[in-house]
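What follows is a set of notes on a single structure, which appears directly below.
The values are calculated or read from the model by the stated rules, or taken from the named source; none is laboratory data. Just so you know, these numbers come straight off a predicted model, no measurement behind them. Cβ: placed from backbone, ideal geometry, glycine included. Neighbour counts: every protein chain shown.
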Amino acid sequence: MGKYDIAAYVWPSYTGNEPRSRMFWEQGYGEWQTVKSATAKYPGHTWPRKPLWGYVNEADPAVMEMEIEAATSHGVNVFIYDWYWYDNRPFLENCLNDGFLKASNCGKMKFYLMWANHDANHLWNKQLSDTDVGSTVIWKGAVAPLQFEAMYRRLADKYFTKENYYRINGCPVFMIYELSTFIEGMGSIGKAAEMLGKFRDYVKTLGFPGLHLQFTGRESGTVNLSGVDGKSTADIHEVIKTLMLDSFTHYQFVHVTDIDRDYNLIMKDIESLWNRIDSEYEIPYFPHISCGWDNNPRFYGFRPGIVKNNTPENFRSALIKAKSYIDSHPQRPRLITLNSWNEWTETSYLEPDDLYGYGYLEAVKDVFLK
């Protein structure tokens, strides 16, 4: 890999290859259906936007070959795939399995998995997202211990053993999106720790020195334990110690600060957050930068909460701050996470569009390759 590992999250919905996705996007080409239907909600709103590469099928290896070339030539050398397990089986794996892993040049990039273990509701179905039905849970994100064991054995066998799976100190990296939901499924934090121990042991049987468990940081310093073990919440530091977690990063600025304002003001809060993390956490933190936030494409009505002034130039300045942060921690791997490669319906993506062209990718290249 390069001097820096620049890891962009991948939302694997821009394909119609998964049959169960048709309940959300019946036209058969994934959430591009929502992107194409997006309209401006107020004067000056920068939607609709169009992808310069077209509404491509990212489960097509030829498409992913093109995207891998674009990513690596601009400094993005790791993809973090949002990975789902609903109703006792995986969901939306086609983008990774049929697209990325079958691309002839996939060895040029590393990848790892973030278990997106949140509940699935009708948010992805724009016809229902503005209604009361939109909050109805279709699939629970929590899984019971036996299902978790089946899940981790499958993903370790299928993915961790790939030559280009991302590792830290030889250990495959696996991220958990919602710690609360994970613990809820296990039944207690003690059982969660036990099952993660079994996960680590299984990974060792595959020849690895261990497992690097990463979690997604949130604004709150507490974790909801659903009343298990005689209390409803636990301090995040207690949870980290009990579960023996190895590191953390963030997924989106919207999880940690008010995003309904200027991007440069948001970055001041993010820098303060990084300083607080350094003083409060004993495990490594890998800095995160989001391109923006505006999830109005998923709704017919207006949804407040839109990042302002998130130009490629200001994004570039944010990347410089992340680079400075990681440079100031030379004992850690030089990993920086970005939201995202392709979160079009949340308006936080590196892929080129008709508004900024290749501006965000050029910003990454300028900071980390030149």
Among ASN275, ASN295, which is out of contact with any Leu (no Cβ under 8 Å at 6 or more places or on another chain), touching a residue at least 12 places away in the same chain (Cβ under 8 Å) and of a type outside the set (D, E, K, R)?
-> ASN295
For the stretch 272-280, indicate whether the set of residues that are within 17 Å of VAL35 (Cα to Cα) and among the β-branched types (Val, Ile, Thr) is non-empty.
-> no
Can you tell me which residue within the stretch 61-78, out of those that are in a helix (DSSP H, G or I) and polar (S, T, N, Q), is nearest to ALA7 (Cα to Cα)?
-> THR72
Give the residue that is surrounded by the fewest Cβ atoms within 10 Å (Cβ to Cβ), with candidates limited to residues of the stretch 239-283 that are closer than 22 Å to SER328 by Cα and among the acidic types (Asp, Glu).
-> GLU282
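Just to confirm my filter: which strands (runs of 3 or more DSSP E) fall fully inside the stretch 228-334 and include at least 3 residues that are of a type outside the set (Asp, Glu) and either within 30 Å of THR345 (Cα to Cα) or at pLDDT below 95 (or both)?
Those strands (runs of 3 or more DSSP E) span 247-249, 288-290.
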From (1) touching a Pro at 6+ places or on another chain (Cβ under 6 Å); (2) within 20 Å of ASN125 (Cα to Cα), pick out the condition that doesn't hold for GLY16.
-> (1)
Here the qualifying pairs (Cβ atoms under 8 Å; residues six or more apart or on different chains; first in the stretch 123-137 and more than 12 Å from PRO297 (Cα to Cα) and modelled with pLDDT under 90; second of a type in the set (S, T, N, Q) and assigned to a loop (DSSP other than H, G, I, E, B)) come out as GLY134/ASN125
Give the residue, chosen from ILE289, ILE236, ILE266, that is more than 30 Å from ARG49 (Cβ to Cβ) and of a type outside the set (Gly, Ala, Ser).
-> ILE236
